[in-house]
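Colleague: One structure is given below, represented as structure tokens, and several questions about it will come after.
The values are calculated or read from the model by the stated rules, or taken from the named source; none is laboratory data. Treat the numbers as computed from the prediction; the structure is a model and nothing was measured. We place every Cβ from the backbone using ideal geometry, glycine too, and count neighbours over all the protein chains shown.
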Amino acid sequence: MRSTTARNHAACSLLPPLQHPPRSPPAASRSGSTSSGVSGGELFLLLVIALLVLGAHRLPEAGRLVGKGLRDFQRALNEARHAVEEGQEQPRTSEGARPRRLID
């Protein structure tokens, strides 16, 4: 007859390994920062500095220009992504790529 320790060891080897619970996110992502890593206070400070540098009259115009630039950049990225995806769907072989004759 086997001892209780041997029986417990044999029973434990039949069980699946323990799975640990998922870890909580790092402290930086829990502190309210945006996806770019800038928190609300830092964003407010940047807006105050922009207001002081540009002034109240030029700040809306600068915001429009930055927004337009970001939209144009995003549009260019999407066009490039679509061009790459379309290029991958087309076959790479063509009539010009085949050799005209075999070398002896």
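Colleague: Can you tell me which residue in region 58-77 is nearest to the chain's Cα centre (by Cα), limited to those that are aliphatic (A, V, I, L, M) and within 19 Å of L46 (Cβ to Cβ)?
Modeller: Among residues in region 58-77 that are aliphatic (A, V, I, L, M) and within 19 Å of L46 (Cβ to Cβ), the one nearest to the chain's Cα centre (by Cα) is L70.
Colleague: If G55 passes every condition in (1) at pLDDT 90 or above; (2) at positive phi; (3) within 19 Å of the chain's Cα centre (by Cα) but one, which one does it miss?
Modeller: Going through (1) at pLDDT 90 or above; (2) at positive phi; (3) within 19 Å of the chain's Cα centre (by Cα) one by one, G55 breaks only (3).
Colleague: Pairs needed: first member in region 39-51, free of Cβ contacts under 8 Å to residues at least 12 places away in the same chain; second member anywhere, part of a helix (DSSP H, G or I); C-beta distance under 7 Å; at least 6 residues apart or different chains.
Modeller: L51/L59
Conditions tested, residue by residue: (1) in a helix (DSSP H, G or I); (2) at pLDDT 90 or above.
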{"site": "A11", "(1), (2)": "yes, no"}
{"site": "P21", "(1), (2)": "no, no"}
{"site": "S35", "(1), (2)": "no, no"}
{"site": "V38", "(1), (2)": "no, no"}
{"site": "L77", "(1), (2)": "yes, yes"}
